[in-house]
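Mind looking over this structure? Questions follow.
The values are calculated or read from the model by the stated rules, or taken from the named source; none is laboratory data. Computed from a prediction, not measured in an experiment: that's the story for all the values here. Note: ideal-geometry Cβ built from the backbone for every residue, glycine included; neighbour counts use all protein chains shown.
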Amino acid sequence: MSVTSEKRLNKFISESGFCSRREADKLIEQQRVTINGQLPELGTKVQPGDCVEVDGKPIKASAANKSDRIYIAYNKPIGITCTTERDVKGNIIDAIGHKRRIFPIGRLDKPSEGLIFLTSDGDIVNKILRAENAHDKEYEVTVDQPVSERFLSKMASGVPILGTVTQPCRVSLVSKYQFRIILTQGLNRQIRRMCEYLGYDVKALKRIRIMNVDLTGLKSGQWRNLTEQEMAEINAAVAGSSKTATDTAQPKQNGTFKLARPIKPRSGNPRRPSGQGEGRGALERPNERGEPKRKPREDNHGRYDRSERSDSPRLRRKPESEAPKKKKVFVDNPNKPKAEPKPKPVSGNTLTLKRKPK
């Protein structure tokens, strides 16, 4: 079908409601997509008048005003898997049974329950999911032991999981074994991993709110279309949100880049700047008299010298002619037989006495 403006192929397919952009890329790689009967590559753009087909079926271009987009709020029961693969038993698409092609925004673990959005609008997905856009998701969690103040404080300040530390969040006590937590992140099994790190086991997890939408009036397994007012508030909230990852370049201050965090050295020990501590700068920096603070150390043979090339990170070996010769030391064999003592020589001035025989 025709389109009104040039558009990337994966975006064109996702906006039609056929699947998400990621799944569209997979279809392109599997050579299941054609443009005017030709196999396209990743990144190909659809021109006005082009005919796009998936598995031989034409894909209809979406309306420019998004009037044909679907937005659903679904109260997912425990046991439903958030996937669009229809061959997976208990997939969320079959559970809803919508006549249009839709896909979930984010996911909930199979043993978890609660609110999740589904849509045919590929543009809104990343805007809602990205952590830097700071859109609230509220959960009600039940654990296996009494919730302590220390536990709530640790959860709120951040917990190390998956090679990072979770962002600060809001946590409040509900009952002895239950608490509520509001996240803007979406790490894999984040709440379960956070609790596990602090020695707690999650017994039940339920998402009760996403942004301005909650579970009011929705029983487990039921779904409804989002209202115009709800969509207006969501669109206003994501109006300034990025679809892609934000620029990671560091801001400049006084002409130099300011690092967000210190650079970690390769070794386990922190590096000292030149001229501090026990580094080479401390050895080579002269004192007030212009002399080195300390004589460079040499090995037992005097073959290493730091002073001749201070700009080299390696030690220079002295030539053999400059190195002092090693003294030879002879060690006597303690096991050899002892020789008889030699008689002392008699000098001419010595008087010898002989005894007369009796």
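Test each condition in (1) out of contact with any helix residue (DSSP H, G or I) (no Cβ under 6 Å at 6 or more places or on another chain); (2) in the same structural domain as Q30 (by TED's automatic domain parsing); (3) aliphatic (A, V, I, L, M) for I96 and report the one that comes out false.
For I96, the exception is condition (2).
Let me ask something else about it. Under 7 Å between Cβ atoms, at least 6 apart or on separate chains: pull out the pairs that start in the stretch 224-238 with a residue that is farther than 13 Å from M211 by Cβ and end on any residue that is of a type in the set (F, W, Y) and not in a helix (DSSP H, G or I).
N225/Y71
Can you pull out the residues in the stretch 13-47 that are buried (at least 18 other Cβ atoms within 10 Å of the Cβ), small (G, A, S) and in a loop (DSSP other than H, G, I, E, B)?
The answer is S16, G17, S20.
Still on this model: Just the residues that are of a type in the set (A, V, I, L, M), under 14 Å from Q190 (Cα atoms) and out of contact with any Lys or Arg (no Cβ under 8 Å at 6 or more places or on another chain), please, taken from the stretch 130-158.
Across the stretch 130-158, the qualifying residues are A131, M155.
Next question, about the same structure. Which one of these is out of contact with any helix residue (DSSP H, G or I) (no Cβ under 7 Å at 6 or more places or on another chain), closer than 23 Å to L129 by Cβ and not charged (D, E, K, R): I78, I28?
The match here is I78.
Taking the stretch 177-208, which residues are in contact with a strand residue (DSSP E or B) (Cβ under 7 Å, 6 or more places away or on another chain), within 14 Å of S112 (Cα to Cα) and in contact (Cβ under 8 Å) with a residue 40 or more places away in the chain?
The answer is I191, R192, D201, V202, K203, A204, L205, K206, R207, I208.
Can you tell me which residue in the stretch 209-245 is modelled with the lowest pLDDT, limited to those that are surrounded by fewer than 16 Cβ atoms within 10 Å (Cβ to Cβ) and hydrophobic (A, V, I, L, M, F, W, C)?
A245
Would you confirm, using the coordinates I've provided, whether V125 is at pLDDT below 95, of a type in the set (A, V, I, L, M, F, W, C), at negative phi and more than 21 Å from the chain's Cα centre (by Cα)?
yes
Quick check: anything in the stretch 87-104 surrounded by 21 or more Cβ atoms within 10 Å (Cβ to Cβ), at negative phi and acidic (D, E)?
Taking every residue of the stretch 87-104 in turn, none turns out to be surrounded by 21 or more Cβ atoms within 10 Å (Cβ to Cβ), at negative phi and acidic (D, E).
Evaluate the following for T119: is it crowded, with 17+ Cβ neighbours inside 10 Å and under 18 Å from M211 (Cβ atoms)?
yes
Something else about it: Scanning for something in contact with a Lys or Arg (Cβ under 7 Å, 6 or more places away or on another chain), free of Cβ contacts under 8 Å to residues at least 60 places away in the same chain and exposed (fewer than 14 other Cβ atoms within 10 Å of the Cβ), does the stretch 50-59 turn up at least one residue?
yes
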